[in-house]
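Structure provided below as structure tokens; questions to follow.
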Amino acid sequence: MSKQPTRTIKVDTLARVEGEGALYIKLKGDQVQDVKLSIYEPPRFFEAFLRDRLYSEIPDIVARICGICPIAYQMSAVHAIENALGVTIDPSVRLLRRLFYCGEWIESHALHVYMLHAPDFLGYPDGITMARDHQAIVQQGLRLKKAGNRIVALMGGREIHPVSAAVGGFYKAPSKSALKELVEELQWALDASLAAARWVSGFDFPDFEQNYEFVCLSHPEEYPFNEGRIVSNRGLDIDASEYEANFTEQHVQHSNALHSVQRGGDSYMVGPLARFNLNFDKLPEVAQQAARDCGLQVPCRNPFRSIVVRAIELVFACHEALRVIREYEPPAAPRAQVLARASTGHAATEAPRGLLYHRYALDQDGLIVSAKIVPPTSQNQKRIEEDLRHFAGQVATRPVEEITSKCEQAVRNYDPCISCATHFLRLHLERD
Amino acid sequence: MSLRIIGCGNIDRGDDAAGLLVARRLHAPAAASIAVAIAGVEIPGLVIMEQSGESISLMDCWTVNDDVVLVDATAPRGTPGQVQRWNARADQLPEDIFPCSTHAFGVREAVELARAMSGLPQTLLIYGIEGKQFFHGAPTSPEVERAVESVANELMMRLTATSARRCG
């Protein structure tokens, strides 16, 4: 009987991800015996303490779930409550919401592409060390993120945990002239995003592809933010109200974040790769051409290339923000009238990391009876573990330090937000 | 050139508010008038700011020509209220001591990123107040309240000394 060594790889605190989690991989020879993405950040019970709050309070409360994607939480919340209460929003408000989301995608994707993920490909332990050798690149990334921050601050009243989103619209709508002040910087940001896409497309990508089920929103005319049906590359095509009939959350012992899986137990992937693969034809020509120039093909099944797709989505978000600003006319009223009634509403929107589902039941006075929130990282958790189960075997013969860094990089392909899924990463590698 | 005092933290997370509370004490009209009374003059170019600690916004709070004092809470190590001081121009900040902001980019990352990119202010003094409780909705602990008072008084003395020097 051959005695192959068993090694355990442990990362006690995963770095360059949002939140607190750990990674455990057990290898026997080049065979992966066990993988656990362990999220030990305490559960935060948001769904429970939303109960008995007035519907109008919800957007500001759920914004506190995450510092990097508060707008996603606000948008899914307002759409779900509007769905419950039968509210129709002004077309200008709809445009403003797309602009708001552009701001969040730009700041989130710029941070991840430049500061969190690029160091993996260039062999640096972190963005700070990378900055010593790549000052101009990092300055570009920081300025790009600030361009996103400016949109969020203008639309939301402040950069972190914005406060303007309301059920029915916004508490205050910006003037045309205020939006026009963003144009010059966004034009720079569009060029910078194209440069970012060229830059990251030159990285070395591991030869690794998986047969994913991609899940995201799809809208007949737009690259998705706020609206659309939930679709997959395997035929799923449902309204947000059917989400819970098709997906369910499971508790696993090693994680304080629930794993969202398909009914039947299969994993799936949400996020930039899913959106890109299922909505490529909705991207503006400048983004499509940039993707072709970067060598991206549809479908892209290599998760390590998600950094290139995020850069393409930066191009899209800057282009879309400029379009919205050009077309914007202030609404007659910043928000529609809302009348409370007993009802239930559902919505899914596209957070930077992927599909974000909300469901609220309200009583006749508009108080929340129950709430359900399924963040993108919860939906990707099982898929991350499956990626690692396959990828760790490819690198199992390498030194422990290299296995560790490659596996952390594989986790960062998903830009996980553990604060959302509960906050992230320590790796434990075990070999016999 | 200006003198900038930056208080960092989250007012809703217990002792994480320490830096903000120091900034607010220095902002209070009574405190300002005491400083003026002691020094006899106003301090030109003094800016007192509150920040979440998010690193990229924080790096925008200074220029290379400024004198900066930054106050933030530090992680619990069994001695709540203990005050540590770092001359960040001279020394790198320790890892794992400041609470992290979004995607683990907080005060330390702002300072070290600025250092890597030659963007540190001409002086950067950092006060760390060790916290005890950081959960949502927590009150400030008595130990941290005392430390906030102490750091605010120390900074007031520094301000008056600075003012006197500038006028002298």
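Please treat every number below as a calculation from the coordinates, not as lab data. This structure is a prediction, so every number in the text was calculated from the model and none was measured. No Cβ is skipped: glycine too gets one built from the backbone with ideal geometry, and neighbour counts run over all protein chains shown.
For A:Arg326 and A:Glu221, compute 0.36 nm times the residue count separating them, minus their Cα-Cα distance, and round to one decimal in nm.
Taking 0.36 nm per residue and subtracting the Cα distance, the gain is 36.0 nm.
Related question: Once the dipole of the protein assembly as shown is set up with Lys and Arg at +1 and Asp and Glu at -1 on Cβ about the Cα centre, which of A:Pro5, A:Ala410, A:Thr129 lies farthest towards its positive end?
Of A:Pro5, A:Ala410, A:Thr129, it is A:Thr129.
While we're on this one: Starting at the first residue of the range B:110-123, write each ³J(HN,Hα) from the Karplus equation 6.51 cos²θ - 1.76 cosθ + 1.60 with θ = phi - 60°, in whole Hz, x for Gly and Pro.
Karplus values, whole Hz, x for Gly and Pro: 4, 5, 6, 5, 4, 4, 4, 10, 6, x, 6, x, 5, 10.
Name the residues whose placed amide hydrogens come within less than 5 Å of the amide hydrogen of B:Arg89, ignoring near sequence neighbours (fewer than 5 apart) on the same chain.
It is B:Leu124, by chain and number.
Further question: Starting from the Kirkwood radius over alpha-carbon pairs of the range A:224-373, derive D by Stokes-Einstein at 25 °C in a medium of 0.890 mPa s and give it in µm² s⁻¹.
For these conditions, the coefficient is 136 µm²/s.
Short version: ³J(HN,Hα) in whole Hz for each residue of the range A:127-132, in order, from phi by Karplus 6.51 cos²θ - 1.76 cosθ + 1.60 (θ = phi - 60°), x for Gly and Pro, what are they?
Taking θ as phi minus 60°, the curve returns x, 5, 5, 4, 4, 4 Hz for the range A:127-132.
Same structure again: On full extension of the chain, what length is gained from A:Lys172 through A:Ala195, given 0.36 nm per residue of separation minus the C-alpha to C-alpha distance?
Length difference between fully extended and current span is 4.8 nm.
Please give the average number of partner chain Cβ atoms lying within 10 Å of the Cβ of each residue in A:170-183, rounded to a whole number.
Taking the mean over all residues of the peptide, I get 0.
Determine ³J(HN,Hα), in whole Hz, for all residues of the range A:270-284 in sequence, where each value follows from phi through the Karplus function 6.51 cos²θ - 1.76 cosθ + 1.60 and θ = phi - 60°; x replaces Gly and Pro.
Listing the rounded values in order: 10, x, x, 4, 5, 4, 4, 5, 9, 9, 4, 5, 8, 5, x Hz.
Mind checking the dipole of the protein assembly as shown: about its Cα centre, +1 per Lys or Arg Cβ, -1 per Asp or Glu Cβ, Debye to the nearest 20?
380
Pairs of alpha-carbon atoms within less than 8 angstrom and 6+ residues apart define the contacts here; what relative contact order does the range A:43-386 have, in percent?
After rounding, I find 28 percent.
Per residue of B:111-117, what is the mean number of Cβ atoms on other protein chains within 10 angstrom of that residue's Cβ?
6
Give the long-range amide H neighbours of A:Lys28: residues separated by 5 or more places, or on another chain, with amide H under 5 Å away, using H modelled in the peptide plane at 1.01 Å from N.
A:Arg7, A:Gln33
Next question. Can you give the calculated 222 nm mean residue ellipticity of the protein assembly as shown, where each DSSP H run of n ≥ 4 adds -39,500 (n - 2.57) and the sum is split over every residue, rounded to the nearest 500 deg cm²/dmol?
After summing the helix terms and dividing by residue count, I get -12500 deg cm²/dmol.
Along each of its three principal axes, how wide is the spread of alpha-carbon positions in the range A:193-236, in whole angstrom units, largest first?
34, 27, 12
Assuming R0 = 60 Å, can you tell me the calculated FRET efficiency for the pair A:Thr344 and B:Arg85, based on Cβ-Cβ distance, to the nearest 0.05?
Approximately 0.65, to the nearest 0.05.
A further question follows. So which trypsin sites (Lys or Arg not before Pro) in the range A:137-224 end up in coil per DSSP with only 15 or fewer other C-beta atoms within 10 Å?
Counting only loop positions with at most 15 other Cβ atoms within 10 Å, the trypsin sites (Lys or Arg not before Pro) in the range A:137-224 are A:Arg158, A:Lys172.
Continuing with this model, one more query. Dipole of the protein assembly as shown (Lys/Arg Cβ +1, Asp/Glu Cβ -1, origin at the Cα centre): which of A:Val167, A:Ala22, B:Asn87 lies farthest to the positive side?
Going by the charge dipole, the pick is B:Asn87.
Please report, largest first and rounded to whole Å, the three semi-axes of the ellipsoid equivalent to chain A, where each semi-axis is the square root of five times an eigenvalue of the C-alpha gyration tensor.
Over the Cα atoms of chain A, the ellipsoid semi-axes are 35, 26, 18 Å.
Taking the Cα centre of the range A:43-386 as origin, work out the dipole magnitude from +1 charges on Lys and Arg Cβ and -1 charges on Asp and Glu Cβ, in debye rounded to 20.
520
If you don't mind, there's one more thing I want to ask. Would you work out which of A:Pro299, A:Ala287, A:Gly141 lies farthest towards the positive end of the dipole of the range A:43-386, given +1 charges on the beta-carbon of Lys and Arg and -1 on that of Asp and Glu, about the Cα centre?
So the residue we want is A:Gly141.
List the GluC sites (Glu not before Pro) in the range A:94-168 that DSSP assigns to loop (not H, G, I, E or B) and whose Cβ has at most 10 other Cβ atoms within 10 Å. Which are they?
none
Dipole of the range B:67-139, Cα-centred, from +1 at each Lys and Arg C-beta and -1 at each Asp and Glu C-beta, to the nearest 20 debye?
120
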